[in-house]
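Enquirer: Structure incoming, see below.
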Amino acid sequence: MLAKFFLFRERNTNFQTESLAGLTTFLTMGYIMFVNPAILSEAGMDKQALIAVTCIISALSTILMGIFGKVPIALAPGMGLNAFFAYTLVIGKGIPWQTALGMVFLAGVAFLLLSLTGAREKFIQSIPKSLVTAIAAGIGFFLLFIGFKNMGLVVAHPATLVQLASFSPESMIGIATLMFTVWLMIANIKGALLIGIVGATLASILLGYTPMPETWISPNVDISPIAFQMDLKDALQWTYIGPIFALFFVDMFDTIGTLVACSLEAKLEKKDGSIERIRPMLLVDAAATTASGLLGTSPTTAFVESTTGITAGGKTGFTSVVTGLLFLLGLVFIPVIGIVPAYATAPSLIIVGVLMISQMKSLPFGDMEEFFPAVITIGTMVFSFQIAAGISMGFLSWGIIKMLRGKFAEIPWIMYIVMALSALNLSI
């Protein structure tokens, strides 16, 4: 029955191969169970509940992608999106996390509507590729900075704003973990980030810097501190149009880019260049983001780590089903996940940031008309510590340069709307 539903014979695969591929994907992205709660808890949300919700939303959305999307692509709360939620919306703008969850829900509803009409794919095609790349790279630098901060390497300074901190035992554990994890990745060891987090936590326990968990297995899962706590009424204030717009764009770029990359790896590209089953994939992604706001986490999106499972032989949605079921196992070990210190997850933030920064290689360095707005996007994100401000500054500078050069015909009509929203976001 499984073989028939997931088309094992048609796609030249089998139960064993698909199961191994699902395990491979889980090992490479399982770090999100540790990192997402660590980031969002800084916004004042309950960490234990965050661990449970991260496991639940990752499991459900990934299983749905396998059953309805029928592709070997896994989903989880997105890196960069969780940083935007915690550091830009809640900490940076002082928006209550309940209201920020309402914004996530609204973004998910917007995605659902755009996906149903097919407008979501066309919408992103209007955005300059240089800015799409710059947004990803800027978030990479943002995560890199947060990683250094959480590792205890960077601290505030009244004169120079930041400075290198004195090395502490905790930061030394973080540095050693970073080097070890990078070595694992260079050696193509599956689950390098997850191994690094577990290794750093064990070292911290053995050295006495982290207490042992009171219990190893939790029979009770309580998500009530954050689930269904969103404040939709407050999120609908007109003053939040700018932040919602920024959240919408960050999530859209992340999702489309990842789905395309994974689909190409899975050889789902048609002869006309379109992606097979892109509509159901986008619908599942939109539903996952909507559910994220309800359950209490930042937007859920497709993970590029899915390509590791595809490389391992995953060709059908059953790969995703296996990955999703493995995420459910995380619910049993919430007490263990909860003791992981920030400096143990910091190396993962740094490495993910570096991987996102590597996209800068596709920027048009010799074309100042495109390169300047890209740098403005990245620089504003990092130096203002606001992802939304970077996106807005990038869109505005790109449009203004085009208009100053009289290239009005090169500006898609939708970019005028985007520029207006960017100006509104910066003025609020």
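Rundown of residues vs (1) farther than 25 Å from G30 by Cα; (2) within 21 Å of the chain's Cα centre (by Cα), yes/no style:
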{"site": "L112", "(1), (2)": "yes, yes"}
{"site": "K129", "(1), (2)": "yes, yes"}
{"site": "L143", "(1), (2)": "no, yes"}
{"site": "G147", "(1), (2)": "no, yes"}
{"site": "A156", "(1), (2)": "yes, no"}
{"site": "L184", "(1), (2)": "no, no"}
{"site": "A192", "(1), (2)": "no, yes"}
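Enquirer: Are any of the residues in segment 153-168 surrounded by 13 or more Cβ atoms within 10 Å (Cβ to Cβ) and part of a helix (DSSP H, G or I)?
Expert: Among the residues of segment 153-168, not one is surrounded by 13 or more Cβ atoms within 10 Å (Cβ to Cβ) and part of a helix (DSSP H, G or I), which makes the answer no.
Enquirer: Could you figure out which of (1) over 30 Å from A192 (Cβ atoms); (2) modelled with pLDDT of 85 or more; (3) not basic (K, R) isn't true of S115?
Expert: Unmet condition: (2).
Enquirer: Which numbered condition trips up L112, out of (1) surrounded by fewer than 20 Cβ atoms within 10 Å (Cβ to Cβ); (2) under 30 Å from F365 (Cα atoms)?
Expert: So L112 meets the others, but not (2).
Enquirer: Which numbered condition trips up S204, out of (1) at positive phi; (2) in a helix (DSSP H, G or I)?
Expert: So the condition that S204 fails would be (1).
Enquirer: Take the residues in segment 192-217 that are in contact with a Leu (Cβ under 8 Å, 6 or more places away or on another chain) and buried (at least 20 other Cβ atoms within 10 Å of the Cβ); name whichever of them is farthest from D46 (Cα to Cα).
Expert: A192
Enquirer: Looking at W183, W216, W238, can you tell me which residue is touching a residue at least 60 places away in the same chain (Cβ under 8 Å) and of a type outside the set (A, V, I, L, M)? Step through it out loud before you land on a result.
Expert: Values: W183 fails: touching a residue at least 60 places away in the same chain (Cβ under 8 Å); W238 fails: touching a residue at least 60 places away in the same chain (Cβ under 8 Å).
Just a single option satisfies the conditions, and that option is W216.
Enquirer: Another question about this same structure. Residues being basic (K, R), touching a residue at least 40 places away in the same chain (Cβ under 8 Å) and assigned to a helix (DSSP H, G or I): count how many of those fall in segment 80-128.
Expert: 1
Enquirer: For segment 53-72, give me the residue count where each residue is surrounded by fewer than 24 Cβ atoms within 10 Å (Cβ to Cβ) and assigned to a helix (DSSP H, G or I).
Expert: Within segment 53-72, residues that are surrounded by fewer than 24 Cβ atoms within 10 Å (Cβ to Cβ) and assigned to a helix (DSSP H, G or I) number 7.
Enquirer: If D254 passes every condition in (1) charged (D, E, K, R); (2) more than 30 Å from I414 (Cβ to Cβ); (3) at pLDDT below 80 but one, which one does it miss?
Expert: Looking at each condition in turn, D254 falls short on (2).
Enquirer: Here's something else I'd like to know. Any idea how many residues of segment 383-420 are crowded, with 19+ Cβ neighbours inside 10 Å and either under 25 Å from the mean Cα position of the chain (by Cα) or within 22 Å of Q359 (Cα to Cα) (or both)?
Expert: Total satisfying the criteria: 16.
Enquirer: Go through segment 364-382 and give me each residue that's surrounded by 16 or more Cβ atoms within 10 Å (Cβ to Cβ), among the hydrophobic types (A, V, I, L, M, F, W, C) and under 21 Å from K402 (Cβ atoms).
Expert: Matches in segment 364-382: A374, V375, I376, I378.
Enquirer: Do we find a residue being modelled with pLDDT of 90 or more, in contact with a helix residue (DSSP H, G or I) (Cβ under 6 Å, 6 or more places away or on another chain), assigned to a helix (DSSP H, G or I) and of a type in the set (G, A, S) anywhere in segment 231-243?
Expert: There is at least one residue in segment 231-243 that is modelled with pLDDT of 90 or more, in contact with a helix residue (DSSP H, G or I) (Cβ under 6 Å, 6 or more places away or on another chain), assigned to a helix (DSSP H, G or I) and of a type in the set (G, A, S).
Enquirer: Sort out which residues of segment 178-235 are under 30 Å from I95 (Cβ atoms) and out of contact with any Gly (no Cβ under 7 Å at 6 or more places or on another chain), and write them in order of number.
Expert: Residues satisfying the conditions are L193, I197, V221, D222, S224, P225, F228, K233.
Enquirer: Just for segment 73-109: of the residues that are at pLDDT 90 or above and among the polar types (S, T, N, Q), which one is surrounded by the fewest Cβ atoms within 10 Å (Cβ to Cβ)?
Expert: Selected residue: Q98.
Enquirer: If you take just the helices (runs of 4 or more DSSP H) that sit entirely in segment 267-350, which of them hold at least 1 residues that are touching a strand residue (DSSP E or B) at 6+ places or on another chain (Cβ under 9 Å)?
Expert: The helices (runs of 4 or more DSSP H) meeting that bar are 278-295, 306-311, 317-329.
Enquirer: Residues of segment 322-334 being among the hydrophobic types (A, V, I, L, M, F, W, C) and buried (at least 24 other Cβ atoms within 10 Å of the Cβ), which ones?
Expert: V322, F327, I334
Enquirer: Condition check: at negative phi and among the aromatic types (F, W, Y). Does F228 satisfy that?
Expert: Against the criterion (at negative phi and among the aromatic types (F, W, Y)), F228 does not qualify.
Enquirer: Right, next: Could you look through segment 5-27, keep only residues that are aromatic (F, W, Y) and within 17 Å of L64 (Cβ to Cβ), and pick out the one that is nearest to the chain's Cα centre (by Cα)?
Expert: Of all residues in segment 5-27, those aromatic (F, W, Y) come to 5-6, 8, 15, 26.
Next cut, within 17 Å of L64 (Cβ to Cβ) only: 5-6, 26.
On the way: F5: 30, F6: 28, F26: 15 Å.
Among those that are aromatic (F, W, Y) and within 17 Å of L64 (Cβ to Cβ), it is F26.
Enquirer: Next question, about the same structure. Please state which of the following conditions I339 fails to meet, knowing it meets all the rest: (1) over 21 Å from the mean Cα position of the chain (by Cα); (2) crowded, with 20+ Cβ neighbours inside 10 Å; (3) under 27 Å from L144 (Cα atoms).
Expert: Checking I339 against (1) over 21 Å from the mean Cα position of the chain (by Cα); (2) crowded, with 20+ Cβ neighbours inside 10 Å; (3) under 27 Å from L144 (Cα atoms), the one that fails is (2).
Enquirer: On to the next question. Here is a list: L112, L40, L89. Which entry is in contact with a strand residue (DSSP E or B) (Cβ under 9 Å, 6 or more places away or on another chain) and of a type in the set (A, V, I, L, M)? Before you say what the answer is, go through the steps one by one.
Expert: Working: L112 fails: in contact with a strand residue (DSSP E or B) (Cβ under 9 Å, 6 or more places away or on another chain); L89 fails: in contact with a strand residue (DSSP E or B) (Cβ under 9 Å, 6 or more places away or on another chain).
Just a single option satisfies the conditions, and that option is L40.
Enquirer: Among (1) part of a loop (DSSP other than H, G, I, E, B); (2) among the small types (G, A, S); (3) under 28 Å from I146 (Cβ atoms), there is one condition G353 misses while meeting the rest; what is its number?
Expert: For G353, the failing item is (1).
The values are calculated or read from the model by the stated rules, or taken from the named source; none is laboratory data. In this text, all values refer to a predicted model and were calculated from it rather than measured experimentally. Backbone-built Cβ (ideal geometry, glycine too); neighbour counts: all protein chains shown.
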